[in-house]
Amino acid sequence: MPACDALPRCPQPPEGGVGVTVVALSLVATDGDVADLERLLSAMERIRAERCVPEVRRRFVVGRGRLRLLLSRFVEEPAESIDLRVGSYGKPALGGHLAGRCHFNLTHSRDRGLVAFSRESPVGIDLELPSPSHTPQWAAMMADSILEADELQRWRCLADPLKPAALLEHWVVKEAILKACGRGISGGLRHLPLPVPLARIALPSEREAIDTRLSSVAAESLGSAPTPLDGTAGDGLGVGLLSGDANAFVAVACHALDCRLTYTTFDQAVHGGVGFG
Ligand SMILES: CC(C)(COP(=O)(O)OP(=O)(O)OC[C@H]1O[C@@H](n2cnc3c(N)ncnc32)[C@H](O)[C@@H]1OP(=O)(O)O)[C@@H](O)C(=O)NCCC(=O)NCCS
């Protein structure tokens, strides 16, 4: 039985929908914490970390270590013994006897990370933090590779100062969809049109659960995206843009349109004694 069932405040999804919990985590840690987190990693993860430059290595160790702690809370297994495997396009998932116990997806941007969890459905999440380098000139350079023809036409009509944010919104939504399918962005973003209108969901306050309706992603727009390896739920692929954090662009996708969304922090999820997922 998933650990979540035994805990208070575990949100039950609406009938036919899925529960998705978004957990915010920091990728900043003291040297001592980094050493402790590194001990949770598998041999393969340590080899991967060793190949990175120091700054990237540190963030990977912290992100993966904290992801393991969250998963440990969810499946009630020691963090270091959780079997994490990657799909053919690199998406990590639970393996071995834990396969399918819960779905998750991680995203990071600079020092911040988010993990989406669901018991019922594969999930995808993407976070981009705006930066001074996201100028209208940057947007003009990137637009062709992110927007499909109609989107590009509409986007070009925007005033220059609005263009970077509009582009980042398209970016995170498309990436969340492709990450929910496990495909990643190697097939390109511009072939994937966004659903119109796009669901904009106010991020719930901490530990509050909200029922929301995601926008439906047309199956044909996914082209050659593989069906998720670990099963689908509900009535199609849904996506929404999470608003409420003015300093971040965040989108979440799952294999259902009705979704009970909960938001919490790493500390609350690991130490706070509340269920999540
Ligand atoms: C996954 C991908 C979209 C990440 O983009 P990004 O904006 O740089 O990174 P994000 O922070 O949003 O997400 C990274 C996380 O997504 C997860 N991830 C990796 N591959 C994934 C995939 N195919 N689908 C969903 N999630 C994936 C991982 O947890 C990764 O974090 P980690 O590197 O610390 O393990 C991009 O790297 C990609 O397209 N990968 C697929 C590449 C591919 O086809 N590889 C073939 C391997 S044989």
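Some values worked out for this structure:
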| item | result |
| --- | --- |
| Index of the failed condition, LEU94 passing every other in (1) within 12 Å of the ligand (Cβ to nearest atom); (2) under 16 Å from the mean Cα position of the chain (by Cα); (3) modelled with pLDDT of 95 or more | (1) |
| Residue in region 186-201 that is among the polar types (S, T, N, Q) and either buried (at least 17 other Cβ atoms within 10 Å of the Cβ) or more than 16 Å from the ligand (Cβ to nearest atom) (or both) present | no |
| Residues within region 63-90 that are modelled with pLDDT of 95 or more and near the ligand (Cβ under 10 Å from one of its atoms), tallied | 4 |
| Members of region 39-59 that are in contact (Cβ under 8 Å) with a residue 12 or more places away in the chain and in a helix (DSSP H, G or I) | GLU45, ARG48, ALA49, ARG58, ARG59 |
| Among (1) on the phi < 0 side of the Ramachandran plot; (2) outside any helix (DSSP H, G or I); (3) in contact with a Leu (Cβ under 8 Å, 6 or more places away or on another chain); (4) loosely packed, with under 15 Cβ neighbours inside 10 Å - the single one GLY100 does not satisfy | (1) |
| Where a residue in region 112-132 is farther than 14 Å from LEU214 by Cβ and its partner, wherever it lies, is aromatic (Phe, Trp, Tyr) and within 9 Å of the ligand (Cβ to nearest atom), with Cβ under 8 Å and at least six apart | VAL115/PHE104; PHE117/PHE104; ASP126/TRP171; GLU128/TRP171 |
| Neighbours by Cβ (under 9 Å, 6+ apart or cross-chain): first from region 176-200, closer than 11 Å to ALA251 by Cβ; second acidic (Asp, Glu) and more than 8 Å from the ligand (Cβ to nearest atom) | LEU194/GLU148; LEU194/GLU151; LEU194/GLU169; LEU198/GLU169 |
| Residue in region 256-272 that is surrounded by fewer than 24 Cβ atoms within 10 Å (Cβ to Cβ), at pLDDT below 95, over 20 Å from ASP126 (Cβ atoms) and among the small types (Gly, Ala, Ser) present | yes |
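The values are calculated or read from the model by the stated rules, or taken from the named source; none is laboratory data. Treat the numbers as computed from the prediction; the structure is a model and nothing was measured. Glycine gets a Cβ as well: all are built from the backbone with ideal geometry, and neighbour counts include every protein chain shown.
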